[in-house]
Amino acid sequence: MNGQNKVSGVVLAGGMARRMQGQDKGLLICHNRPLVSYALAAMNPLVDELFVSANRHQDQYRQFNYPVISDAELSFDGPLAGVLAAMQTAQHPILLVAPCDSPLVASVHLQRLLDALISQDADIAVAFDGERLHPVFAALKTRLQSDLQNYLHSGERKLQAWFHRHSLVEVDFSDSQHLFVNINTPAELSAVEQSLAEILPQ
């Protein structure tokens, strides 16, 4: 993309992963690769710069050869804090966001978010599976950073509530709900590995 449509990207890997016994989800091995590598590979062709948002094990994340950014506060304030840090670092007017723990999502799916944001001139485009939003899959305008900073400073943390303060387009993924499975437990990691084994070469 050129000019006003240049894109920054961030993979969110900054959570506490309490249901994974505190293990850093992005660094877990899934079908012979760290989980975060799937999101980086999906996002890389679509963006002009790419970051990893991580609040732990930053040196390990740097080994993927992308800049690593951290939340301004060390209190693990949720995905919006990672989004804000990315907005403040980004050099481009659009920010593409994806989590580190949904390895079935590919570039073609993330491109749909960008296309919807630009074609509908929205502030935010977010994935919608026909039943619910998946707010950590989004494309948004980085000029929203001041509003987001104020929202977080007020003590609020809910992504969807902040999204609905702005011009929002819900991008229809009802044909592919399975893409948004994320990994919160060892059992879910095993199930996703089986799915990847069916669609990816060994």
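The values are calculated or read from the model by the stated rules, or taken from the named source; none is laboratory data. Everything numeric here is computed off the predicted structure, so don't read it as measured data. Every residue, glycine among them, receives a Cβ derived from its backbone with ideal geometry; neighbour counts consider all protein chains shown. What goes into the accessible areas is simple: the full protein's heavy atoms, side chains included, and nothing from ligands, DNA or RNA. Shrake-Rupley method; radii C 1.70, N 1.55, O 1.52, S 1.80 Å.
Within the bounds of segment 158-167, is there any residue that is farther than 19 Å from Ala98 by Cα and among the basic types (Lys, Arg)? Write out each step before concluding.
First, the residues of segment 158-167 that are farther than 19 Å from Ala98 by Cα: 165-167.
Going one step further and asking which of them are among the basic types (Lys, Arg), we end up with 165.
Yes, that holds for at least one residue.
Restricting to segment 80-111, give me the number of residues that are of a type outside the set (A, V, I, L, M, F, W, C), in a helix (DSSP H, G or I) and surrounded by fewer than 22 Cβ atoms within 10 Å (Cβ to Cβ).
Keep residues of segment 80-111 that are of a type outside the set (A, V, I, L, M, F, W, C), which gives 82, 88-89, 91-93, 99, 101-103, 107, 109, 111.
Restricting the remaining residues to those that are in a helix (DSSP H, G or I) gives 82, 88-89, 107, 109, 111.
Those left that are additionally surrounded by fewer than 22 Cβ atoms within 10 Å (Cβ to Cβ): 88-89, 107, 109, 111.
Within segment 80-111, residues that are of a type outside the set (A, V, I, L, M, F, W, C), in a helix (DSSP H, G or I) and surrounded by fewer than 22 Cβ atoms within 10 Å (Cβ to Cβ) number 5.
Select from segment 112-123 the residues that are in a helix (DSSP H, G or I) and either free of Cβ contacts under 8 Å to residues at least 24 places away in the same chain or touching a Lys or Arg at 6+ places or on another chain (Cβ under 6 Å) (or both) and list them in ascending order. Step through it out loud before you land on a result.
Within segment 112-123, the subset in a helix (DSSP H, G or I) is 112-119.
Within segment 112-123, Asp115, Ser119 meet the criteria.
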Find the residue count for segment 22-52, including only residues that are part of a helix (DSSP H, G or I) and surrounded by 21 or more Cβ atoms within 10 Å (Cβ to Cβ).
-> 9
Within segment 152-198, tally of residues that are without any contact (Cβ under 8 Å) to a residue 60 or more places away in the chain and part of a helix (DSSP H, G or I) | 13
List pairs: first in segment 88-101 and over 18 Å from Ala116 (Cβ atoms), second polar (S, T, N, Q) and open to solvent by 10 Å² or more (accessible area, probe 1.4 Å), Cβ under 7 Å, 6+ apart or cross-chain?
-> Gln88/Gln145; Ala90/Thr142; Pro99/Asn182; Asp101/Asn182
Those residues of segment 117-140 which are out of contact with any helix residue (DSSP H, G or I) (no Cβ under 7 Å at 6 or more places or on another chain) and open to solvent by 10 Å² or more (accessible area, probe 1.4 Å) amount to Ser119, Gln120, Asp121, Phe128, Glu131, Arg132
Residues located in segment 178-202, provided they are surrounded by 14 or more Cβ atoms within 10 Å (Cβ to Cβ) and either basic (Lys, Arg) or within 23 Å of Arg112 (Cβ to Cβ) (or both) = Leu179, Phe180, Val181, Asn182, Ile183, Val192, Ser195, Leu196
Give Ile118, Ile124 a once-over and let me know the one that is touching a Leu at 6+ places or on another chain (Cβ under 6 Å) and either closer than 21 Å to Lys25 by Cβ or at pLDDT 95 or above (or both).
-> Ile124
What are the residues in segment 7-21 that are at pLDDT 95 or above and either open to solvent by 40 Å² or more (accessible area, probe 1.4 Å) or touching a His at 6+ places or on another chain (Cβ under 6 Å) (or both), if any?
-> Val7, Ser8
The residue that is surrounded by the most Cβ atoms within 10 Å (Cβ to Cβ), considering only those in segment 56-79 that are part of a loop (DSSP other than H, G, I, E, B) and in contact with a strand residue (DSSP E or B) (Cβ under 8 Å, 6 or more places away or on another chain), is Asp71
What number of residues within segment 145-159 satisfy the criterion of being surrounded by 12 or more Cβ atoms within 10 Å (Cβ to Cβ) and not basic (Lys, Arg)?
-> 8
Determine if segment 162-173 includes at least one residue that is at pLDDT 95 or above and closer than 17 Å to Gly78 by Cα.
-> yes
